[in-house]
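A quick write-up on the structure given underneath.
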Amino acid sequence: MTKKRKLLAQPQLKISKVQLKKIAKHKKLGKPFTFKLHNILSHFTQKEISEILQDRLLDIAVSDTNSFTGQTISQITMTYQQFMEYEGPLTLYMAQVKINVECPTYISNDCESIQLWCSKGYTDSGWHYDSYDNYLGVIQGVKVVYLSSKCNWMDFEPITSDNYNHAKKGAYIKGKFILLRKDDVLFIPQGMFHRVVSDDNTIGINAWMSGIEKQIVKVGHYQLRYQLSELLRIDIKNELLAYSNQTLKNIDTSYFKEQVKQRKYELNKSNIRTKNHKPLNQQMIIYICLLIKMKPIRMIRFLIQLIALDIVKFIIKLPDMIKMMVAFQLDEFSENNEDIATREQFYKYFQIYEDIIDDLQTIKEKLIKQFAYQILLNHIW
């Protein structure tokens with residue numbers, strides 16, 4: 001077995017305590033961050049790379065355009081020296097070439113591999129995500145890294161594709177960008193969507209940590225069902241919040257927010273629009289859209305007041321997404337509430353409104369199936 005070359009292990013090459021704390025903090029938060037290693041990467045020279053790769057034949061991706069986005073036109077083999085001396089019209093991309101060096105311990109003790117990335121011509125990785133944490137550094141040249149934490153999964157290749165972690169050609173993903181120059185290092189957490197654009201003659205190096213496959217002890221359909229259940233809860237909550245924001249977008253909610261704050265709801269029971277009041281159904285929609293952003297107990301107290309005013313039956317006439325908000329908060333309340341007195345009071349009140357509970361449950365089950373279907377559809381097609 002070939003012994004791993006120690007990467008820049010000279011005693012004079014130290015990393016500051018401030019940088020160490022920054023690395024640890026951001027890794028824990030799972031957020032991208034940049035830091036400088038000017039006293040380390042500067043020592044990783046062309047000569048050092050040549051000594052590591054020697055006359056090893058490398059797979060080089062070739063494109064006849066000015067960019068490379070994962071759709072390789074062809075592939076050739078050449079040595080690193082031949083690659084660096086190339087001056088032809090084609091774009092060459094020496095991507096993901098493993099090198100036999102040790103990862104510095106201050107970056108991670110859980111490093112899987114270290115790779116070189118070299119560009120001859122402008123190269124573009126396209127939008128994609130990785131299933132492991134990634135430290136990306138620049139030895140020479142410039143890289144522009146676009147980052148996004150959100151996407152439409154329909155923009156990605158289906159899970160049946162070998163490139164399932166890459167966006168489809170032409171997909172638009174909105175994100176911020178970070179400019180990396182010589183000696184800059186960027187930490188990209190696993191699962192974050194990113195796109196790396198490199199200038200001509202750019203040399204990058206990256207370290208991949210142990211990924212999600214090492215975290216999963218055993219793969220089974222029961223795990224898929226559990227993960228899908230958790231994803232449904234997250235996606236539904238996000239969808240309800242987005243619907244709430246859209247509904248309240250053009251409404252002055254200051255009066256209603258004050259009512260929610262004081263836990264006193266002045267509702268127009270007649271359901272007729274007057275000069276100073278909106279119809280009852282609109283008032284209820286506004287209150288519920290505000291309450292979905294708060295703890296479930298707030299929604300429960302609102303429902304108790306509706307019962308006291310004998311207008312809780314109007315919930316049945318509200319749009320399905322609004323009823324879903326109420327049902328979602330009811331579930332959260334039942335699962336997590338420790339206020340036994342309030343819970344018992346609520347159940348006591350609602351014993352005579354089984355038809356409303358049944359209606360909310362029916363709507364909830366219908367919408368959950370729609371959300372589940374959409375999640376699966378997003379990843380298959």
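Restricting the first member to region 48-64 and to residues that are modelled with pLDDT under 85, and the second to residues that are crowded, with 19+ Cβ neighbours inside 10 Å, the beta-carbon pairs closer than 6 Å and six or more apart or on different chains are Ser63/Thr91. The residues listed here are Gln75, Gln71; of these, the one that is open to solvent by 20 Å² or more (accessible area, probe 1.4 Å) and either more than 35 Å from the chain's Cα centre (by Cα) or modelled with pLDDT of 70 or more (or both) is Gln75. In region 275-283, the condition of being farther than 30 Å from Leu20 by Cα, modelled with pLDDT under 90 and open to solvent by 80 Å² or more (accessible area, probe 1.4 Å) is met by at least one residue.
Only residues that are open to solvent by less than 30 Å² (accessible area, probe 1.4 Å) and within 17 Å of Tyr93 (Cβ to Cβ): list them for region 181-215, please. Correct list: His194, Val196, Val197, Ser198, Thr202, Ile203, Gly204, Ile205, Asn206. Against the criterion of being open to solvent by 20 Å² or more (accessible area, probe 1.4 Å) and aromatic (Phe, Trp, Tyr), Tyr135 does not qualify. Please verify whether region 142-158 includes one or more residues that are over 20 Å from the mean Cα position of the chain (by Cα) and closer than 20 Å to Met209 by Cα. Taking every residue of region 142-158 in turn, none turns out to be over 20 Å from the mean Cα position of the chain (by Cα) and closer than 20 Å to Met209 by Cα. Glu230 passes every criterion in (1) open to solvent by less than 40 Å² (accessible area, probe 1.4 Å); (2) within 30 Å of Lys28 (Cα to Cα) apart from (1). Of the residues in region 223-230, at least one is closer than 30 Å to Ile159 by Cα, at pLDDT below 90 and among the acidic types (Asp, Glu). In region 326-340, the residues that are under 19 Å from Asn238 (Cα atoms) form Cβ pairs under 9 Å with partners that are of a type in the set (S, T, N, Q) and modelled with pLDDT under 85, at six or more places apart or across chains, as follows: Phe333/Thr342. Quick check: is even one residue across region 144-157 touching a Ser or Thr at 6+ places or on another chain (Cβ under 6 Å) and under 30 Å from Thr45 (Cβ atoms)? The answer is no; no qualifying residue exists.
Residue-by-condition table, conditions (1) over 18 Å from Lys176 (Cα atoms); (2) free of Cβ contacts under 8 Å to residues at least 60 places away in the same chain; (3) crowded, with 21+ Cβ neighbours inside 10 Å:
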{"position": "Pro89", "(1), (2), (3)": "yes, yes, no"}
{"position": "Val97", "(1), (2), (3)": "yes, yes, no"}
{"position": "Cys103", "(1), (2), (3)": "yes, no, no"}
{"position": "Glu112", "(1), (2), (3)": "yes, no, no"}
{"position": "Trp127", "(1), (2), (3)": "no, no, yes"}
{"position": "Ser131", "(1), (2), (3)": "yes, no, no"}
{"position": "Val144", "(1), (2), (3)": "no, yes, no"}
{"position": "Lys150", "(1), (2), (3)": "no, yes, no"}
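Among the conditions (1) at pLDDT 90 or above; (2) more than 34 Å from the chain's Cα centre (by Cα), Ala308 misses just one, which is (1). For region 319-336, does any single residue satisfy the condition of being more than 31 Å from the chain's Cα centre (by Cα) and either within 19 Å of Tyr243 (Cβ to Cβ) or not acidic (Asp, Glu) (or both)? No, that holds for no residue. Among the candidates Leu224, Leu231, the residue that is in contact (Cβ under 8 Å) with a residue 24 or more places away in the chain, of a type outside the set (Asp, Glu) and out of contact with any His (no Cβ under 7 Å at 6 or more places or on another chain) is uniquely Leu231.
The values are calculated or read from the model by the stated rules, or taken from the named source; none is laboratory data. Just so it is clear, the structure is predicted and the values come from calculations on it, not from any experiment. Backbone-built Cβ (ideal geometry, glycine too); neighbour counts: all protein chains shown. We work out accessible area using only protein heavy atoms, side chains counted, and drop any ligands, DNA or RNA first. Shrake-Rupley method; radii C 1.70, N 1.55, O 1.52, S 1.80 Å.
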